[in-house]
Amino acid sequence: MQSTQTRRITHCIFDMDGLLLDTEKVYTELAQSMMRRYGSEFTPELKVRIMGRPAKEAARILIEAGKLPITVEELLGQRDIIIADYMRNCTAMPGAEALISRLQDMGIQKAIATSSFRNLFEVKTSTHQSWISKFQAVITGDHPELKHGKPAPDIFLLAAKALGAQPENCLVFEDAPAGIQAAQAAGMATVFVPDPLLRHLVADQTVDLRLDSLLDFPWDHWHIAPRTSCRPG
């Protein structure tokens, strides 16, 4: 594998929740509410376990950890009743819009790879189209070709395919350990931007670069340049 000093980056792939959009606090509040309803507690450690994972897998983990007397379908049904209204007003994470705009100006093609289903993706991004529209591809958790969610590499490999990119030339931005593991399994370089409240729980996560915020991205860390001969098909 190439080192971070020599690896050429031609394409960038971004997670969405907690990385581009400030939605994770909403998920945290909803999980806390649902767990307390059944006399259980939603801990930071449990938050780290479910971050970035597909909705059904995250729900299964919550039910098992809290010994909740409901099914995965019932838990997700309760969540979906109230989540859309919260998500319509989500804000961009610090530095996200500026980073995407600069990559756009550089001619770097970009994709979003999110475990959120397409309908929720549309809700969350509805007020951010001025910069979300700069992404050349979006792979959601209900993509018909997606067989396994994060931490499996499938979603990032699909994103690279959509961009016409080689995995070794892709740089992935993530806030969740499961997403970092998925990107590494895909053979991609990784930028980890963990939630400040959870940093102490993910301090041992091995990554190529760790940031406090997208505002801190060091542009000279990699050779970032477009590969003009490669276009998404």
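Legend: Rg and Dmax of the chain, from Cα coordinates, 17.3, 57 Å.
Sequentially through region 45-54, phi angles give Karplus couplings (6.51, -1.76, 1.60; θ = phi - 60°) of 4, 5, 4, 4, 5, 9, 4, x, 7, x Hz, Gly and Pro residues having no value and appearing as x. Residues whose amide H falls under 5 Å from that of VAL138, counting only those 5 or more places apart or on a different chain, are ILE112, with hydrogens built in the peptide plane. Let me check I've understood the local charge: for LEU157, count other residues with C-beta under 14 angstrom from its C-beta, Lys and Arg +1, Asp and Glu -1. What total comes out? Here the charged neighbours net out to 0. Once backbone amide H atoms are built at 1.01 Å from N, THR190 has VAL172, ASP208, LEU209 as its partners under 5 Å, excluding neighbours fewer than 5 places away on the same chain. Within the accessible surface of region 147-233, defined with a 1.4 Å probe on protein heavy atoms only, the carbon and sulfur portion equals 53 percent. The residues of region 172-233 expose, per residue, 46 Å² of accessible area to a 1.4 Å probe. Full extension of the segment from THR206 to ARG36, taken as 0.36 nm per residue of separation minus the current Cα-Cα distance, would add 57.9 nm. Counting protein heavy atoms only, region 1-103 has 52 percent of its accessible area on carbon and sulfur, 1.4 angstrom probe. For region 46-97, the per residue solvent-accessible surface stands at 53 Å², with DNA, RNA and ligands left out and a 1.4 Å probe.
How would region 111-233 be classified by its alpha-carbon gyration tensor: rounded, prolate or oblate, with rounded meaning a/c under 1.5 and the a/b versus b/c comparison settling the rest? Judged from the Cα gyration tensor, region 111-233 comes out rounded (a/c under 1.5).
If R0 is taken as 41 Å, the Cβ-Cβ distance between ASP85 and THR6 corresponds to a FRET efficiency of 0.30. If a spin label sat at a point 7 angstrom from the Cα of ALA185 along the line to its beta carbon, the backbone N atoms of region 117-154 nearer than 18 Å would be those of 139-154. Between region 1-59 and region 150-179, the C-alpha centres lie 15 angstrom from each other.
When both bridge partners sit in the chain, DSSP labels roughly 5% of those beta bridges antiparallel. Principal-axis analysis of the Cα atoms of the chain puts helix 72-87 at an angle of about 60° to the longest axis.
The values are calculated or read from the model by the stated rules, or taken from the named source; none is laboratory data. Everything quoted here is computed from the prediction, not taken from an experiment. As a convention, Cβ positions derive from the backbone with ideal geometry for all residues, glycine included, and neighbour counts pool all protein chains shown. Heads up: the accessible areas ignore ligands, DNA and RNA and are worked out on the full protein's heavy atoms, side chains in. Shrake-Rupley method; radii C 1.70, N 1.55, O 1.52, S 1.80 Å.
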